[in-house]
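Worksheet: one structure, shown below.
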Amino acid sequence: MSRLLPHPAQSLILLLAWMLLVDNFALGQWLLGSVLALLIPLACNRLLIEHPTGWKPRKLLSFLLMVMGDILVANFQVARLTLGRVRELRPAFVEVPIELDNELAISVLVSVVSLTPGSLAADLSMDRRTLLVHGLDVPDAQAMIDEIKQRYEAPLKEIFPCSAT
């Protein structure tokens, strides 16, 4: 069953989305939606990251709340920086060493860094051990590295199973 329906929740969401988009509950639309809901996850299966086992959803929720707070605060900081003396900004690229080995955890880390205003994940090394981050104002590169590692990477190590420490 898992070969035919590799991601059942996504298939159900696709079917429901299809039915809401066409706004027609005829039998033909149910059949077409079902075919799409089966074929799209099968076609995209190789692109999707498998759901981790042993992850901690409660810690993930508190992590996401913290990230949302960081995004809110960073928006005000970036507004203050860009409305102030732009010539005094110290943009820089910083290489952040990564200890995560879980693909989903790395993806979340890259997304969080990119979502936080004032920083952008510019590149991930081929060995997935270094993240190149662009910062809008970086007075101290080591402080930026330490903040990313303590604030984001450390909680992700707790949330998702990682063998590297």
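The values are calculated or read from the model by the stated rules, or taken from the named source; none is laboratory data. These figures come from a predicted structure and were not determined experimentally. Please note: Cβ atoms are built from the backbone with ideal geometry, for glycine as well, and neighbour counts cover all protein chains shown. What goes into the accessible areas is simple: the full protein's heavy atoms, side chains included, and nothing from ligands, DNA or RNA. Shrake-Rupley method; radii C 1.70, N 1.55, O 1.52, S 1.80 Å.
Observations, loosely collected:
- In the context of the full set of protein chains, region 21-146 has a per residue accessible area of 67 Å² (1.4 Å probe).
- Other residues with beta-carbon under 14 Å from the beta-carbon of V67 carry, at +1 per Lys or Arg and -1 per Asp or Glu, a net charge of -1.
- Three-way shape call for region 75-152 based on the alpha-carbon gyration tensor, with the a/c threshold at 1.5: prolate
- Expressed as a whole percent, the accessible surface of region 32-165 that belongs to carbon and sulfur atoms is 61, based on a 1.4 Å probe.
- Note on the chain: GNM, Cα springs under 10 Å; of F63, F93, F25, the largest mean-square fluctuation is that of F25.
- Cα-Cα pairs of the chain separated by more than 22 Å (percent): 57 percent
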